[in-house]
1. Taking amide H atoms as placed 1.01 Å from N in the peptide plane, list the residues 5 or more away in sequence, or in a different chain, whose amide H sits under 5 Å from that of residue 177.
2. Using mean Cβ contacts within 10 Å as the protection proxy, how do 131-144, 112-125 order, highest first?
3. Based on the mean of other beta carbon atoms within 10 Å per residue, what is the order of 20-28, 206-214, 189-197, most packed first?
4. Going by average Cβ neighbours within 10 Å, how do the peptides 56-67, 176-187 rank, with the highest at the top?
5. For 172, 52, what ranking results if the residue with the fewest other Cβ atoms within 10 Å of its Cβ goes first?
6. Determine the relative contact order of the chain: mean sequence separation of Cα pairs under 8 Å and six or more apart, normalised by residue count, in whole percent.
7. Once the Cβ-Cβ distance between residue 181 and residue 15 is put in as r, and R0 is 35 Å, what FRET efficiency do you end up with, to the nearest 0.05?
8. Can you count the Lys pairs in the stretch 153-226 whose Cα atoms are under 25 Å apart, with each pair 8 or more apart or on different chains?
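None of the figures in this text is laboratory data; all of them are computed from the coordinates on show. Just so it is clear, the model here is predicted, and its values are computed rather than measured. Here the Cβ is made from the backbone with ideal geometry for all residues, glycine too, and neighbour counts use every protein chain on show.
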Amino acid sequence: MRVTTRSTHLRRYLQAAREQGQTIGFVPTMGALHRGHISLIELSGRSCDLTISSLFVNPTQFNNPDDLKKYPRTTEKDLDMLEEAGCDIVFLPSVEEIYPAEFKAEHYELGSLDHILEGAFRPGHFQGVCMVVDRLLSLTEPDVLFLGKKDYQQCMVISKMIELKNHKTRVIICPTIREDDGLAMSSRNMRLSVQEREKSAAIFRTLHFLKDHLQPGDLREIKKAAVQMLEKAGFRVEYVEIADAGDLSGLDAWDGNRKTVGLVAAYMGDVRLIDNLDLF
Ligand code: AMP
């Protein structure tokens, strides 16, 4: 496995691979890896000739400076896990490497996606996500980009950015990997105390509650009950939403036909967790 902090080196490796006709799969991450990330690396390994991953905690997507400061960093362990999973190249850039002095930020026209759900509670977050992924795609020009469904809205945002910027990259959305009790794996889970970790399985139970109780007609009562379930488990809830799976617009009533997804964001202590589940 090759590890580099420099985009010039990265470009050179990738150029050589491309000249040999190899297909390139890319898995961007912020490190503090877990089995969710590794499932993406493995999928890329099965579908592409060469797999590259990046470890970069992107400051421009953190609207909360304390969250950025507390974001877990476990680089040595990450590199071991990537090697074991068969990753070929790891890009470990500094902030200056990604955003050099001459770098110009741009605005991405994401429409309502920028302002609803995660966008509403984390202003500027998706502009920062687009900024870093756009930059990483320009450097790596992968054939395929592997993203986790755990970040449902992010998958939609990145797909939209790829369309806006005409990147020649195909997106593959990979299933959410969960702990045995249903908690979605997340780098942030390692900041939970033992008690908080136990209580956090309530998110998955709540999403299943929504799935089990989804019926044509008014949805407001089941959304309210879902909020109460989370609060009872000790969460401070930011949102519980049942949304159209295609555009994420929130639904207060369901026609019995539309594909819908349940989405949750909630704090356990000072750790913010998100999750989602296809409901229909
Ligand atoms: P992050 O390091 O949180 O930026 O995540 C990097 C990539 O891994 C993103 O595409 C995430 O959606 C994906 N990912 C994070 N957690 C999981 C999970 N539990 N299952 C599958 N993919 C995940």
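1. Sorted by chain and number, the residues that satisfy this are 185.
2. Going from most to least packed, we get 131-144, 112-125.
3. 20-28, 206-214, 189-197
4. Details: 56-67: 15.6, 176-187: 17.5.
Packing order, densest peptide first, comes out as 176-187, 56-67.
5. Fewest-to-most ranking of 172, 52: 172, 52.
6. 17
7. The pair residue 181/residue 15 has a calculated efficiency of 0.15.
8. 6
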